[in-house]
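These notes are about the structure you will find just below.
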Amino acid sequence: MSGTVTLQSNKTNTVTRTESTTESPVIRWLLIGTALLFLLFFLILPLIIVFQEAFAGGINLFFQALTDPDALAAIRLTLFTAAIVVPVNIIFGICAAWAISKFRFKGKSVLITLIDLPFAVSPVIAGLIFILIFGSRGWLGPWFLSHGIQIIFATPGIVIATLFVTFPFVARELIPLMQAQGTEEEQAARVLGASGWQTFFRVTLPNIKWGLIYGIILCNARAMGEFGAVSVVSGHIRGYTNTMPLHVEILYNEYNFTAAFAIASLLALLALVTLMVKSIAEMKVSGGQTTTEL
């Protein structure tokens, strides 16, 4: 009798859950259609327009815009900045996630809040802060200038500003992943005699590799596409402190639309590659978390 009641109760709960999560076909198609229209007008259509305008003047004009000395300087500076910022963020993200997820210490919540700070501060405000710190009339600027080091309106300022706006990405992807995995495997490895580095490379790193890749992708995309903070600290010196987004702005303001869209197409291509790799990494992370939970 009790078994029958339990079975009926479970059946009732199943029906209730099914009814509460099942919508009519009209509502489902309305929601799907709304999402598809949103993606069409705000994602697919702008991408089509960017590539269409980039090749509007022909393939020769497209490659001419890409091989222009100022364009090549902007591409080199963008790649150079990303080459510095991404590895630094990898090291910081792993260290911060390891400390937050594996240890108990006072001030952990403060550390998490500081990691999230760039999400709350406008990039333009961040750029102004760095001008107040490293500018010629800032707190540290005169000292650097007296030693022949220029931060603002030079490559170091661009790197620092980009580093500020990108450093949460790797850490924010690894922290929840490492917290969900716990510390049991690391403790078992230490009990079996593994050193700290062996534990990291043979236990921790394989478990977080897809989350790490996911964070690297987001960090690299933001580093190469950052505009606000870099615009403030760069000085817009053509061929010297202009990154790809800043170069696109200058070309567009000069009504050189074909060249502007040619450079923008590179950033759009980066966005597409980022989305594809991001989707793959996201599936791997979700699969890893599901396996862990099972």
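Inspect the stretch 201-219 for any residue being in the same structural domain as Ile280 (by TED's automatic domain parsing), within 22 Å of Pro176 (Cβ to Cβ) and of a type in the set (Gly, Ala, Ser) and give the result as yes or no. Yes - at least one qualifying residue is present in the stretch 201-219.
Answer yes or no as to whether Phe201 is within 19 Å of Gly127 (Cα to Cα) and either surrounded by fewer than 21 Cβ atoms within 10 Å (Cβ to Cβ) or modelled with pLDDT under 90 (or both). Taking the combined requirement at face value, the residue does not satisfy it. Given (1) of a type in the set (S, T, N, Q); (2) modelled with pLDDT under 90; (3) touching a helix residue (DSSP H, G or I) at 6+ places or on another chain (Cβ under 6 Å), identify the lone condition not met by Thr162. Status for Thr162: all satisfied but (2). As for the stretch 116-126, it holds no residue that is surrounded by 13 or more Cβ atoms within 10 Å (Cβ to Cβ) and polar (S, T, N, Q).
Residue by residue, here is whether (1) more than 23 Å from Ile125 (Cβ to Cβ); (2) surrounded by 15 or more Cβ atoms within 10 Å (Cβ to Cβ); (3) not β-branched (Val, Ile, Thr) holds:
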residue	(1), (2), (3)
Pro206	yes, no, yes
Gly215	yes, yes, yes
Arg222	no, yes, yes
Ser231	no, yes, yes
Tyr255	yes, no, yes
Thr258	yes, yes, no
Leu267	yes, yes, yes
Val277	yes, yes, no
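Would you check which residues across the stretch 1-60 are in a helix (DSSP H, G or I), small (Gly, Ala, Ser) and at pLDDT 55 or above and list them? Across the stretch 1-60, the qualifying residues are Gly33, Ala35, Ala54.
Being surrounded by fewer than 22 Cβ atoms within 10 Å (Cβ to Cβ) and in contact (Cβ under 8 Å) with a residue 60 or more places away in the chain is the filter; apply it to the stretch 131-159 and report the residue that is farthest from Ser234 (Cα to Cα). Checked the stretch 131-159; the qualifying residue farthest from Ser234 (Cα to Cα) is Ile131.
The values are calculated or read from the model by the stated rules, or taken from the named source; none is laboratory data. Remember, it's a predicted structure, so these values are computed and weren't measured experimentally. Positions of Cβ are backbone-derived with ideal geometry, glycine not excepted, and every protein chain shown enters the neighbour counts.
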